[in-house]
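So the structure is just underneath, and the comments pick up after that.
The numbers here are math on the coordinates, done by the rules we state, and not lab data. Please read these numbers as outputs of a predicted model, since none were measured by experiment. Please note: Cβ atoms are built from the backbone with ideal geometry, for glycine as well, and neighbour counts cover all protein chains shown.
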Amino acid sequence: MANIKSAKKRILVNRTKAARNKAIKSAVKTSIKKVDAAVANQDKAAAEVALKEAISTISKATSKGVYHKNNCARKVSRLSKAVNSIG
């Protein structure tokens with residue numbers, strides 16, 4: 001354990017930030033799984049609704065600095081491509 005006051009504070013702040021990032025990443029993964037499940041069931045309407053929600057969640061995570069913008073773009077692109085593949 002750290003002895004210096006500022007080092008102790010950094011440990012606490014880092015724990016808080018890590019917990020926040022973990023919660024945001026978990027929400028993104030859940031929204032992606034919902035889109036994937038709808039695509040697997042060939043349910044176009046549900047997939048489009050889930051896609052809209054997933055894009056929103058991913059964009060929020062990016063704006064908060066959890067994901068890089070290119071990572072966000074890649075995730076959105078892959079999800080969109082999967083939903084569009086449903087005939």
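Label positions at LYS60 and SER26, each projected 7 Å from the Cα along the C-beta direction, are separated by 1.5 nm. The dipole here belongs to the chain: it is taken about the Cα centre, uses +1 on the Cβ of Lys and Arg and -1 on the Cβ of Asp and Glu, and is about 800 debye. Debye-formula intensities of the chain, expressed as log10 I(q)/I(0) at q = 0.15, 0.16, 0.22 Å⁻¹, are -0.60, -0.65, -0.96 (one equal scatterer per alpha-carbon, no solvent). Our estimate of slack between ASN3 and ILE86, defined as 0.36 nm per intervening residue step minus the Cα-Cα distance, is 24.1 nm. Take the Cβ atoms of GLU53 and ARG10, set R0 to 30 Å, and the FRET efficiency comes out at 0.25.
Taking the Kirkwood radius as Rh and the Cα radius of gyration as Rg, the range 4-43 has a ratio of Rg/Rh equal to 1.42.
For the range 56-64, the Karplus equation 6.51 cos²θ - 1.76 cosθ + 1.60, evaluated at θ = phi - 60°, returns couplings of 4, 4, 5, 5, 5, 4, 5, 5, 8 Hz by residue, with Gly and Pro reported as x.
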